[in-house]
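**Q** Quick one: the structure is below, and I'll ask about it shortly.
No value in this document is a laboratory result; all are computed from the given coordinates. Predicted model, so just to flag it, every value in this text is computed and none were measured. Don't worry about glycine lacking a Cβ; one is built from the backbone with ideal geometry, like all the others, and counts go over all protein chains shown.
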Amino acid sequence: MSAVVTERHSQGVVQTARAFGSLVKIQHTVFSAPFVALGVALAADGVPNMSVIVLVTLALVAARTAAMAFNRIVDIAYDSNNPRTSNRELVTGVLSLRQAAALTTVSAILFVVFANLLNRTCGLLAVPALIVILGYSYTKRVTSLSHLALGLALGISPGAGWLAVGAPLTLTPFLLGAIVFFWVAGFDVLYSLADTEFDSAHKLHSIPAALGKRRAITLSRVFHVMCFGLMVGLFLHLQTALWTLSFLLPTLILFVRQHTLVSADDLSRLDVAFFTVNGWIGFLYCGAVGVAYFMR
């Protein structure tokens, strides 16, 4: 009997852990992790101390977890009414609001602790950073520029990685941040196309709801053109060999591919454009920068 109880308890723990992982979409860390790693590597001009790598990783996961869990709590009323999000864990009751609140609180505290363990500057900026990444969850209620708020929330991550090493600020982390800002804002505009009608009906603000799907797609393309221009600019700023600009060709192809997958009349491949393509864009670009810079 005790063995059966123990097995059921273990299964319950595993299921709860999976539910927490699904709640915070831990796989979405791929959007910020490569740029954080690049910021750390460029600031250290190589491989930093292992303690920095571990603490930065833990801080990134903690911040990401706090932000996503908080977002699910704040949006539960809307998620309940939106067919696209009605199967989320808080809506279905797989996880409770109390559990999500506990996860948010613990993750936020751990983020502050890890930041303080890195250095004094990171410790001082930890709470303001939390305000930015948690505050994003409310922006859709007041402005159609919520996509830019998300871009800012993720855009501070490369700079955070840079500061974690303790390097003095240069133009490099700001260029990295601007790249992430326009990249994220652009693909978030695309992703929000799926909720255009829902947002309009429930008085939520988004660029597709404000401008319509076709104009929103055009603006997303503008953001990504600006992003790619900054990507090229970072190569030039780092004074890498001009021929290494060819490393950007896969990234350019993926940007173009992303915008051929989605149209105002066909959103069936939106998930592919959002998850798969953008996941590869981050890894390929950051890898290209790293290789070009360290082979100088």
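**Q** Can you tell me the equivalent ellipsoid semi-axes for the range 121-201? Use √(5λ) from the Cα gyration tensor, largest first, whole Å.
**A** For the range 121-201, the semi-axes come out at 28, 15, 7 Å.
**Q** Another question about this same structure. Given an 8 Å cut-off on Cα distances and at least 6 residues of separation, report the relative contact order of the range 40-120 as a percent.
**A** 43 percent
**Q** Still on this model: Apply the Karplus curve 6.51 cos²θ - 1.76 cosθ + 1.60, θ = phi - 60°, to the phi angles in the range 189-200 and return the couplings in whole Hz, x for Gly and Pro.
**A** Karplus values, whole Hz, x for Gly and Pro: 4, 4, 5, 6, 4, 5, 10, 4, 5, 5, 4, 5.
**Q** Let me ask something else. Points 7 angstrom from Cα along the Cβ direction at S86 and V106: gap in nanometres?
**A** Reported label-point gap for S86 and V106 is 3.2 nm.
**Q** In a shell of Cβ-Cβ distance under 12 Å around T260, excluding T260 itself, what net charge do Lys and Arg (+1) and Asp and Glu (-1) give? List each step's numbers first, then the result.
**A** Values: positive: R221, R257, R269; negative: D266.
Value of the local net charge: +2.
**Q** Extending each Cα 7 Å along its Cβ direction at R214 and N49, get the distance between those two points in nm, one decimal.
**A** Distance between label points: 5.8 nm.
**Q** Under 8 Å for C-alpha pairs, at least 6 residues apart: give me the relative contact order for the chain, rounded to a whole percent.
**A** 19 percent
**Q** Can you tell me the relative contact order of the range 181-296? Whole percent, Cα pairs under 8 Å, sequence separation 6 or more.
**A** Relative contact order, the range 181-296: 28 percent.
**Q** For a test of the definition: using alpha carbon positions, the gyration tensor, and the 1.5 limit on a/c, classify the chain as rounded, prolate or oblate.
**A** Working: a/c = 1.77, a/b = 1.15, b/c = 1.53.
It is oblate, given that a/c is not under 1.5 and a/b is not larger than b/c.
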